[in-house]
Amino acid sequence: MTAQQVFRNTVIVLATLALAYVLALSVRIFVVVLIAILIASALRPSIIRLTRWRVPQGLAILLVYSLLLALIITLLIGVLPPVFSQISRYIENDWQLSSRIIAAQNWFMNFANNNLRANIQPIDPEEIRTSISSLVEQFTLSVPGLVAELSGVVGEAILAFVIGVYWLTSRDSAVNFVLQLFPIRYREEINATILEIETSLGNYVRGVVMVASFVGIANFAILTMLRVPNAATLGFIIGVTTMLPVIGGFLGGGLATLLALLVNPLHAVITFGTFVGVQQIETHYLTPRVMSRSVGIDPILVIVAVFVGFALGGVIGAILAVPIVGLIYIVVRRWIIEPRKASVTPYTIQEGLIVLNNVSDETEAVPQQQP
């Protein structure tokens, strides 16, 4: 190998490492862009409907995004103050939090011993108080970092809204630009693929929001009727975590039950029972319909994608895993699976009609039998 080849290979390796480093630093920006496009894809049908009613496109985008922002702000104002009030009260008086946990443990021990005939050893109350005091102290020290992280999330949310608006205004131009990069014979299929991806992802986002809204409102309504305190907060937690496929609802139900347990053990039982009842409707009726009408991928693949996404990117990675897998599935199906099937199958069925495919010359004709 000559010195020139060594130098060239070294430059290629260094450039590759530099590009990988830049991509690793920009991964959050890519996530924000993907979230912005997902939200824009979900809102685009409403904007198209407004434009058909002779509303200018810019005004239609402004109206839809303003309505979405108003709904989010109203929801947060109604949910977050009780949570912050309860957390601040426990931070100021960790003895009260320890006492509630010890009381909940005693109630659970009595219930288990009297009804389940189980002999469970309780945790030492002093150990509980020491652990809670240490946990509250660590949380107090981490508050500045949490505030900085929250401000970053707010900034990324604003950036997602801005990118979404720009995507909606320049979407057609961007698609036309992409189509110009490919030969004419492929442009129609590429355009159909882009449209299917956009429609599928928009349906998925709208379906997930619909399911989360139903779960949150149903839990809130039932808990309110049963006079469970902070019903709005508990319903909000369960509803939002339902957006995380497969495991999100169980995490939210467990967290809501734990928060209710700190107030009253009976409220925790009611919260858990309400969550289980609503979860049955969501799992067996709503979610299957949403999945079948959106990305259309196998439930096992959804589970694998969620766990891989959670391992790579935490909660955000788990939420984005299903749309990304759905995008890959559409591309593979349209450009690999379907052409392969058409090349090996002499006919296909379209809308109930048998359509003959082009059979390769290598296929031997089957001789017809003489009558």
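Each value in this text was obtained by applying a stated rule to the coordinates, not by laboratory testing. No experiment lies behind these values; they were computed from the predicted model shown. So basically every Cβ, Gly included, is an ideal-geometry build from the backbone, and we count neighbours across all protein chains shown.
Provide the gained length on full extension for the span LEU19 to LEU226, in nm with one decimal, where the gain is 0.36 nm per separating residue minus the Cα-Cα distance. Display every interim value, and only then the final one.
On the way: separation 207, 0.36 × 207 = 74.52 nm, distance 5.70 nm.
In short, 68.8 nm is gained.
How many nm separate the modelled label positions at GLN57 and ALA112, each set 7 Å beyond the Cα in the direction of the Cβ?
In this crude spin-label approximation the distance works out to 6.3 nm.
If Lys and Arg each add +1 and Asp and Glu each add -1, what is the summed charge of the other residues whose beta carbon sits under 9 Å from the beta carbon of GLU198?
Values: positive: ARG44, ARG171; negative: GLU196.
Every neighbour counted, the sum reads +1.
Kindly put TRP53, TRP107 in sequence by how many other C-beta atoms sit within 10 Å of each C-beta, fewest to most.
TRP53, TRP107
Can you list the equivalent-ellipsoid semi-axes of the range 160-230, largest first and in whole Å, using the square root of 5 times each Cα gyration tensor eigenvalue?
Values: eigenvalues 366, 41, 6 Å².
They are 43, 14, 5 Å, listed largest first.
Taking the number of other C-beta atoms within 10 Å as the exposure measure, put THR283, THR193, THR16, THR257 in order starting with the fewest. Write out the running numbers ahead of the final one.
Details: THR283 13, THR193 17, THR16 10, THR257 20.
Fewest to most other Cβ atoms nearby, the residues stand as THR16, THR283, THR193, THR257.
Taking a ≥ b ≥ c as the square roots of the eigenvalues of the Cα gyration tensor of the range 183-345, is the shape rounded (a/c under 1.5), prolate (a/b larger than b/c) or oblate? Could you put the intermediate results ahead of the total?
Values: a/c = 3.17, a/b = 2.79, b/c = 1.14.
Prolate is the answer for the range 183-345, as a/c is 1.5 or above and a/b outweighs b/c.
Please state the charge dipole magnitude for the range 183-345, taken about the Cα centre, from unit charges on C-beta atoms (+1 on K and R, -1 on D and E), reported in debye and rounded to the nearest 20. Present the calculation step by step, with values, prior to reporting the outcome.
Working: 10 positive and 7 negative charges, 36 e Å.
Dipole magnitude for the range 183-345 comes out near 180 debye.
Using a Förster distance of 35 Å, how high is the FRET efficiency between VAL332 and GLU156, based on the Cβ-Cβ distance and rounded to 0.05? Working shown, then result.
On the way: r = 30 Å, r/R0 = 0.87.
Here the calculated transfer efficiency is 0.70.
Pull out the extension gain between ILE281 and ARG89, defined as 0.36 nm times the separation in residues minus the alpha carbon to alpha carbon distance; nm, one decimal.
On the way: separation 192, 0.36 × 192 = 69.12 nm, distance 3.59 nm.
Between ILE281 and ARG89, full extension yields 65.5 nm more.
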